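What follows draws every value from the coordinates through simple rules; no lab data is involved. Predicted model only: the values in this text are computed from it and were never measured. Here Cβ is always computed from backbone atoms with ideal geometry, including for glycine, and neighbour counts include all displayed protein chains.
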Amino acid sequence: MTRDELALEFVMGALSPLEREAVAQDRLSDPKLDEAIRTLEGSLAPMTGLAGTLTPSAGLFDRIAGAIAEERAALAGKTAAACEEGEWQPFLPGIEIKSLWNQGTVMLRCEPGSVLPAHPHAQTEHVVVISGDFVVGGRTFRTGDWHSSPAGNDHGEARTEGGCLLLIQYAA
């Protein structure tokens, strides 16, 4: 199935719950899939009013307002952002970067087949694979795996086969 066909199946609700969960995870590390889904959602949104209207159940508005108030209270004084929020910047071919809470913490979103060239480390680098696969030195790291390179250490080329989302933190 092509990326566009998969996006359409996702948006139309034609996937099983397990398939839908897998696509939701994949779109975190595949910006082209994410964009295809967003484009379809945007183009189909005007059609939602064509199906007619339903009378909301009693108390629905109060339940929604209560849930919003609970979320606001739980997040008061905190910072939270969804993965797709914020500024993704071009970094290398097929790779985007987004700064997080400090200069030493970033996310990389790598398209399938993208490559990080060999490079030295002035600081210790910690990498957590949020989704997808990340290949370093012939070893494949997958969702939830962690890799660290100490300061002064060079490592060879790193790559992804199917795309990945990485959390990277640099420490002195």
ask   = Taking the alpha-carbon set of the chain, what are its Rg and Dmax in Å?
value = 19.9, 64
ask   = Looking only at GLY94, GLY137, GLY66, which one moves most when the chain is put into a Gaussian network model with springs between Cα atoms under 10 Å?
value = GLY66
remark   = chymotrypsin sites (Phe, Trp or Tyr not before Pro) in region 82-172 lying in a DSSP loop, each with at most 12 other Cβ atoms within 10 Å of its Cβ, come to TRP101
key: Electrostatic dipole magnitude of the chain [Cβ: Lys, Arg +1; Asp, Glu -1; Cα centre; debye, to 20]   = 300 debye
query = Simple spin-label model, 7 Å along Cα-to-Cβ: ALA65 to LEU44 in nm?
reply = 3.3 nm
key: For region 14-79 versus region 89-107, the gap between their alpha-carbon centres in whole angstrom   = 26 Å
request  = Work out which GluC sites (Glu not before Pro) in the chain are exposed loop sites (DSSP not H, G, I, E or B, at most 10 other Cβ within 10 Å) and give the longest gap free of them.
outcome  = 88-172
request  = Give the Rg/Rh ratio for region 80-172, taking Rg as the radius of gyration of the Cα atoms and Rh as the Kirkwood radius, to two decimals.
outcome  = 0.93
note = Computed ³J(HN,Hα) along region 9-15: with the Karplus parameters 6.51/-1.76/1.60, θ = phi - 60°, integer Hz and x for glycine or proline, the list is 4, 5, 5, 7, x, 8, 9
key: Dipole of region 89-171 [Lys/Arg +1, Asp/Glu -1 at C-beta], most positive-end residue of GLY113, THR140, ILE130   = ILE130
inquiry  = Please report the projected area of region 1-49's Cα convex hull averaged over all directions, in nm².
reply    = 3.3 nm²
note = In degrees, nearest 10, the alpha-carbon axis of helix 60-75 is tilted away from the dominant principal axis of the alpha carbons of the chain by 20 degrees
request  = Using DSSP to define loop residues, name the trypsin sites (Lys or Arg not before Pro) in region 1-88 whose beta-carbon has at most 10 other beta-carbon atoms within 10 Å.
outcome  = LYS78
